[in-house]
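Below: the structure, in structure tokens.
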Amino acid sequence: MSDTAGQQHPIGIYLKVWLLLFVFSTLSYLVDWYQLQGYLRWSLILLFMFIKAGFIVAIFMHLSWERLALKYVLGLPILAICLLILMMSIEGDYTYLTRHIFFDR
Amino acid sequence: MTIETDKSSDYTQPGMGGMVADWAADKQTFDMPWGKLMMWIFLLSDTFIFSVFLTGYMNVRLSATDPWPNPSEVFALEVFGVHLPLLLIAIMTFVLITSSGTMAMAVNYAYRGDRKKTVVLMSLTALLGAAFVGMQAFEWTKLIVEEGVRPWGNPMGAAQFGSTFFMITGFHGMHVTAGVIYLTVIARRVARGHYEGKGYDIVEITGLYWHFVDLVWVFIFAFFYLW
């Protein structure tokens with residue numbers, strides 16, 4: 001139990017992350033505000049989403065100060081989710097096309 | 001014959017070698033209280049639940065042949081005659097982020113032993129969470145009563161919009177509600193000095209849950225409201 005009694009960080013880091021989360025939320029809101037479309041819209045949404053998620057997990061949830069053993073336990077199973085997303089997007093496209101072919105709409 | 005030189009028994013060795021030592025040495029693998037580890041494992045399982053929901057949403061949205069309702073318009077608000085797209089959702093996002101910030105600070109003050117500030121910040125977090133749920137109730141009411149959205153259909157387009165919306169935001173709202181109750185209970189016990197001598201890991205564990213609720217909202221905001 002080395003640093004479990006701790007997780008002692010200066011308050012300032014939480015305020016900074018808070019501010020950054022505000023900024024990135026505003027930026028992702030502006031993507032909709034200016035009605036950006038297509039690949040620019042999608043890539044910006046994903047970029048801001050991953051930045052925000054990264055800050056929350058790394059700083060607020062203290063994962064960057066945890067041991068590698070925990071990081072791997074949390075990180076590796078996510079690969080299964082990536083595989084599911086890949087398979088379901090192929091499946092979704094396939095269903096869409098078959099609906100057009102067989103229901104003509 | 002010194003056992004003290006066995007470096008694998010502490011948790012200081014960095015990198016891959018450290019991870020192998022953590023797993024292979026004759027000691028507890030994870031350098032944390034069991035409650036915190038179990039919260040992490042629970043959150044990992046919850047990640048799978050929300051991921052499956054969002055992947056299901058992606059699948060039905062990809063395969064829908066009817067046009068998908070434009071969330072920017074569906075969730076727009078008229079404020080004093082000004083048309084503002086996604087306004088309520090933006091406010092909800094900022095409220096939840098702020099509650100995450102106050103929670104992070106509560107954890108910090110708890111480890112410093114400042115009970116009063118911990119209780120104030122935890123209560124503030126719970127209050128912001130309750131505000132979030134209130135705004136969500138308003139959003140649902142507007143959607144059901146004014147826009148006519150139902151889980152089986154809506155006037156704007158693809159029927160799957162309603163079913164995925166109510167399922168995903170409903171499940172998230174349930175998590176926020178549970179979090180508000182959880183926070184209130186723990187804050188009360190902190191105020192009563194229940195954890196004096198036991199240590200304040202419990203506040204960090206509660207914080208992990210609360211940050212996770214905020215984390216899920218980041219993904220819902222991106223994929224449901226902005227996409």
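The values are calculated or read from the model by the stated rules, or taken from the named source; none is laboratory data. The structure displayed is predicted, hence computed values, not measured ones. Glycine also receives a Cβ, built like all others from the backbone with ideal geometry; neighbour counts cover every protein chain displayed.
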- Message: If a residue must be surrounded by 16 or more Cβ atoms within 10 Å (Cβ to Cβ) and without any contact (Cβ under 8 Å) to a residue 12 or more places away in the chain, how many such residues does region B:95-119 contain?
- Response: 2
- Kindly indicate which of B:Asp46, B:Asp6, B:Asp26 is modelled with pLDDT of 95 or more and more than 7 Å from every other protein chain (Cβ to nearest Cβ). B:Asp46
- Query: Being among the hydroxyl-bearing types (Ser, Thr, Tyr) and part of a helix (DSSP H, G or I), is that true of even one residue in region B:11-25?
  - Reply: no
- Task: Hey, can you tell me all the residues within region A:63-105 that are at pLDDT 95 or above, outside any helix (DSSP H, G or I) and within 9 Å of chain B (Cβ to nearest Cβ)?
- Result: A:Pro77
- Message: Name the single residue that is nearest to the chain's Cα centre (by Cα) among those in region A:16-28 being without any contact (Cβ under 8 Å) to a residue 40 or more places away in the chain and more than 7 Å from every other protein chain (Cβ to nearest Cβ).
- Response: A:Phe24
- Residue within region A:33-42 that is more than 9 Å from chain B (Cβ to nearest Cβ), among the aromatic types (Phe, Trp, Tyr) and either in contact (Cβ under 8 Å) with a residue 40 or more places away in the chain or within 30 Å of B:Val82 (Cα to Cα) (or both) present: yes
- Of (1) without any contact (Cβ under 8 Å) to a residue 12 or more places away in the chain; (2) in a helix (DSSP H, G or I); (3) under 26 Å from A:Ile59 (Cα atoms), B:Ile144 satisfies all except one. Which? (3)
- Selection within region A:39-63 - of a type in the set (Lys, Arg) and under 8 Å from the mean Cα position of the chain (by Cα): A:Lys52
- Looking at region B:66-82, is at least one residue assigned to a helix (DSSP H, G or I), of a type in the set (D, E, K, R), out of contact with any Cys (no Cβ under 6 Å at 6 or more places or on another chain) and within 10 Å of chain A (Cβ to nearest Cβ)? no
- Here are some conditions: (1) surrounded by 19 or more Cβ atoms within 10 Å (Cβ to Cβ); (2) more than 10 Å from every other protein chain (Cβ to nearest Cβ). B:Thr177 meets all but one. Which one does it not meet? (1)
